[in-house]
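Shown next, in C-alpha cells, is the structure this report addresses.
The values are calculated or read from the model by the stated rules, or taken from the named source; none is laboratory data. Keep in mind that this is a model prediction, so the values were computed, not measured. A quick note on method: Cβ atoms are made from the backbone with ideal geometry, for glycine too, and the neighbour counts reach across all protein chains shown. Protein only, heavy atoms only, side chains kept; ligands, DNA and RNA dropped before computing areas. Shrake-Rupley method; radii C 1.70, N 1.55, O 1.52, S 1.80 Å.
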Amino acid sequence: MILLQTLSTDSLSMADSLSMNGMGQEIGLLDLLIKGGYMMIPLYLLFILAIYIFVERLMTLKKASKTPAHLLDQVKVLVSSGQVEKAKMLCADEKTPIANMIAKGIERIGSPLKNIEVSIENVGKIEIYKLEKNLSLLATVSGAAPMIGFLGTVAGMIQAFIAIAQEEGMVSPKLLSEGIYEAMITTATGLVVGILAYLGYNYLVTQVSKLVHRMEYASIEFIELLQEK
C-alpha cells in the first residue's frame, strides 16, 4: 500500500514538472521574431517598404480616380459654345489624369486632329507612368523577401551544424532543434512578407488597369467631340 502511494506521488510530481516545463517553453510571436537572427533585419525593412508603397499608391490611385462623371459633358457643352477657356479652367481645377489629358486636348484645339490625338496620348503616357510609380519596387519586394528568408535559413542551418560539430560527446536534441527552428523563422517571415507584397502589387496593378481604361475611354470621347465640331 505504501509502495502504491509512493508511486502515485512520484507520478503526480513528474506530471506537474512536465506541465511546468511545457508552460515555460511557450514562445510568443515577438520572441520568435527576435530569435530569427540578423537576417530578420532586411525582412523587417522590406515589410515596412512594402506597406509604405502600398498605402502611398492606394491613396494616389484613389485621388486620381475622382474625376467627376459629368466632366466630359460639361466640357462638351463649353467647347460646343466656344467657351474654350472656361473648359480649360474646369479641367485644371480637377487635377486628375483624365482632366489633364482633356486639358491638353483643349489647348490643341485648332490644330490638326492627328496632332491633338498625339498630344493627348503623350500626356496619357506620362500620367500612366506616374500611376505605376514604385509598383516595380513592390514586385521586387515580393520576390526578394522569400529569397532572403531562404538565405537566412541556410545560414542558420550552417551555424547549427557547426555548433553540433563542435559539441563533444552526445549531441543534445535541444541544441539541434533550437538551431533548426530559429533558422526556419526567417523562411516563414520571408514568405509572409513576399505573399503580402505580391497580393498588394496585383491589387494595385488591377486598379491602375481600371483607371487606364477610363482614361482611354475619355480620350476617345473627346476626339469624337472634336470630330463632331
*Flag if Ala139 is surrounded by 17 or more Cβ atoms within 10 Å (Cβ to Cβ) and farther than 12 Å from Ala218 by Cβ*: yes
Residue hits (the range 88-123; of a type in the set (A, V, I, L, M, F, W, C) and closer than 15 Å to Arg214 by Cα) are Ile98, Ala99, Met101, Ile102, Ile120, Val123
Restricting attention to the range 45-71, the residues that are polar (S, T, N, Q) and either without any contact (Cβ under 8 Å) to a residue 24 or more places away in the chain or assigned to a helix (DSSP H, G or I) (or both) number exactly 1
The residue from Leu204, Leu225, Leu151, Leu196 that alone is open to solvent by less than 20 Å² (accessible area, probe 1.4 Å), modelled with pLDDT of 85 or more and assigned to a helix (DSSP H, G or I) is Leu204
**Asked** What about Ala188, is it of a type in the set (A, V, I, L, M, F, W, C), part of a helix (DSSP H, G or I), farther than 30 Å from Lys76 by Cα and at pLDDT 85 or above?
**Response** yes
The residue that is surrounded by the most Cβ atoms within 10 Å (Cβ to Cβ), considering only those in the range 81-105 that are out of contact with any helix residue (DSSP H, G or I) (no Cβ under 7 Å at 6 or more places or on another chain) and part of a helix (DSSP H, G or I), is Met89
Within the range 106-136, of all residues that are farther than 20 Å from Val79 by Cβ and open to solvent by less than 60 Å² (accessible area, probe 1.4 Å), the one farthest from the chain's Cα centre (by Cα) is Glu127
Open item on the list: Take the conditions more than 25 Å from the chain's Cα centre (by Cα) and at pLDDT 60 or above and apply them to Asp16. Does it pass?
Closed with: no
- Message: Given the condition at pLDDT below 65 and more than 30 Å from Tyr129 (Cα to Cα), answer yes or no: does some residue in the range 34-48 qualify?
- Response: yes
Val77 fails exactly one of (1) in a helix (DSSP H, G or I); (2) in contact (Cβ under 8 Å) with a residue 40 or more places away in the chain, namely (2)
